[in-house]
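Worksheet for the structure shown next.
The values are calculated or read from the model by the stated rules, or taken from the named source; none is laboratory data. It should be emphasised that the depicted structure is a prediction, and the values quoted were computed from it without experimental measurement. Neighbour counts are summed over all protein chains in view; Cβ atoms, including those assigned to glycine, are modelled from backbone coordinates with ideal geometry. Surface areas here come from the heavy atoms of the whole protein model, side chains and all, with no ligands, DNA or RNA. Shrake-Rupley method; radii C 1.70, N 1.55, O 1.52, S 1.80 Å.
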Amino acid sequence: MSPDEWYKSLPIITRYYVTLSFLTTAACALEIITPFNVYYNSHLIFKKGEVWRLMTNFFFFGNLGLDFVFHMFFLVKYCKSLEEGSFRGRSADFLWMLLFGGALLTVLAPFVAIEFLGSSLTFMMVYVWGRRHQYVNLSFLGIFNFTAPYLPWVLLAFSVMLGSSPKVDLMGMVAGHAYYFLEDVYPRMTGRRPLKTPGFVQAMFPVEERIRPAADAGLQHFAAEELQQQPVNGVGQQEQLQQQAGPAAGVEERGDGRPHAD
């Protein structure tokens with residue numbers, strides 16, 4: 001598969017997120033912009049009106065290099081796995097999950113002094129993926145095996161061993177657990193779904209999610225009109241249907257599984 005074919009094969013939300021992340025990071029590397037133009041700063045956002053920072057801080061993953069490749073690998077792997085797995089055919093719900101996670105991380109960021117939230121959002125996806133694939137077995141460097149729900153904890157421990165701060169990963173786990181509880185656990189307990197995707201988000205994906213329901217509604221309406229028609233020439237509808245089905249009613253299967261007529 002060529003790079004172009006691979007890129008076009010990505011689901012829509014994953015494709016846009018990877019594209020914006022690469023363009024933002026590349027623009028900083030080429031000094032078209034600087035990280036100071038995109039990082040999260042509540043004072044600049046709410047006092048200076050630089051509202052773009054609410055979004056752009058999620059698209060910067062550091063300098064182009066091995067660390068950037070590592071983050072892109074995790075972003076593509078788990079973003080794509082979720083969108084093509086438990087969110088297949090529900091891109092609006094997937095986008096709503098990312099918006100919920102982004103909003104929660106934005107609220108928490110000032111308390112832990114984190115300026116770029118893309119890694120935390122990626123870790124949130126890893127957490128949700130692990131929770132929804134409870135019986136998938138994984139291996140860490142071939143040393144020991146574990147199931148998918150433990151993946152965030154394994155990655156957190158590995159990150160700490162390398163000397164990184166656990167704040168970024170822990171924030172992603174908090175956001176992921178909040179979404180998992182409110183979307184997967186709480187509705188089963190109460191029958192209510194507090195994170196139901198709003199209509200304005202669903203309206204962004206009309207072809208994917210509404211064409212089938214519209215077609216089903218049209219078929220139901222057509223069938224209702226047919227059943228309401230009056231009998232023709234004194235013959236009831238049930239008799240007409242029996243007459244129309246007459247040739248097929250005498251078809252049955254042979255012992256060898258092929259149909260024949262009486």
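Could you tell me how many of the residues in the range 9-30 are free of Cβ contacts under 8 Å to residues at least 24 places away in the same chain and under 17 Å from the mean Cα position of the chain (by Cα)?
Taking the range 9-30 as the starting set, the residues that turn out to be free of Cβ contacts under 8 Å to residues at least 24 places away in the same chain are 9, 15-16, 19, 27, 30.
Subsequent filtering for residues that are under 17 Å from the mean Cα position of the chain (by Cα) retains 9, 15-16, 19.
Within the range 9-30, residues that are free of Cβ contacts under 8 Å to residues at least 24 places away in the same chain and under 17 Å from the mean Cα position of the chain (by Cα) number 4.
Kindly provide the set of residues from the range 66-100 that are within 8 Å of the chain's Cα centre (by Cα) and without any contact (Cβ under 8 Å) to a residue 40 or more places away in the chain, ordered by number. Of everything in the range 66-100, those that are within 8 Å of the chain's Cα centre (by Cα) and without any contact (Cβ under 8 Å) to a residue 40 or more places away in the chain turn out to be F87, R88. Among the residues of the range 52-59, is there at least one that is over 27 Å from M204 (Cα atoms), of a type outside the set (S, T, N, Q) and in a helix (DSSP H, G or I)? No, the range 52-59 contains no residue that is over 27 Å from M204 (Cα atoms), of a type outside the set (S, T, N, Q) and in a helix (DSSP H, G or I). Residues in the range 43-91 that are polar (S, T, N, Q) and out of contact with any His (no Cβ under 9 Å at 6 or more places or on another chain) were compared, and the one that is surrounded by the most Cβ atoms within 10 Å (Cβ to Cβ) is N57. Screening A27 against (1) part of a helix (DSSP H, G or I); (2) open to solvent by less than 70 Å² (accessible area, probe 1.4 Å); (3) under 20 Å from F123 (Cβ atoms) leaves a single unmet condition, (3).
For V107, are the conditions met, namely being assigned to a helix (DSSP H, G or I) and more than 27 Å from T147 (Cα to Cα)? Even if it seems obvious, please write down each step before you answer.
Details: assigned to a helix (DSSP H, G or I): yes; more than 27 Å from T147 (Cα to Cα): yes.
Yes.
Check whether at least one residue in the range 103-110 is touching a residue at least 40 places away in the same chain (Cβ under 8 Å) and under 18 Å from the mean Cα position of the chain (by Cα), and report yes or no. Yes, that holds for at least one residue. D4 meets all of the listed conditions (1) surrounded by 11 or more Cβ atoms within 10 Å (Cβ to Cβ); (2) without any contact (Cβ under 8 Å) to a residue 24 or more places away in the chain but one, namely (1).
With out of contact with any strand residue (DSSP E or B) (no Cβ under 8 Å at 6 or more places or on another chain) and over 22 Å from A113 (Cβ atoms) as the only criterion, which of L99, L54, L44 stands out? Steps first, answer last, please.
Values: L54 fails: over 22 Å from A113 (Cβ atoms); L44 fails: over 22 Å from A113 (Cβ atoms).
Unique residue meeting the criteria: L99.
Test L98 against the criterion of being in a helix (DSSP H, G or I), under 23 Å from R15 (Cα atoms) and not aromatic (F, W, Y), and give yes or no. It is true that L98 is in a helix (DSSP H, G or I), under 23 Å from R15 (Cα atoms) and not aromatic (F, W, Y).
The set of residues in the range 103-118 being surrounded by fewer than 21 Cβ atoms within 10 Å (Cβ to Cβ) and out of contact with any Phe, Trp or Tyr (no Cβ under 6 Å at 6 or more places or on another chain) consists of A103, L104, T106, V107, L108, P110, F111, V112, A113, I114.
Please enumerate the residues belonging to the range 30-42 that are of a type in the set (S, T, N, Q) and either loosely packed, with under 12 Cβ neighbours inside 10 Å or closer than 22 Å to F70 by Cα (or both). Lay out the reasoning, then the answer.
Going through the range 30-42, the residues of a type in the set (S, T, N, Q) turn out to be 34, 37, 41-42.
Hit for the range 30-42 is T34, nothing else.
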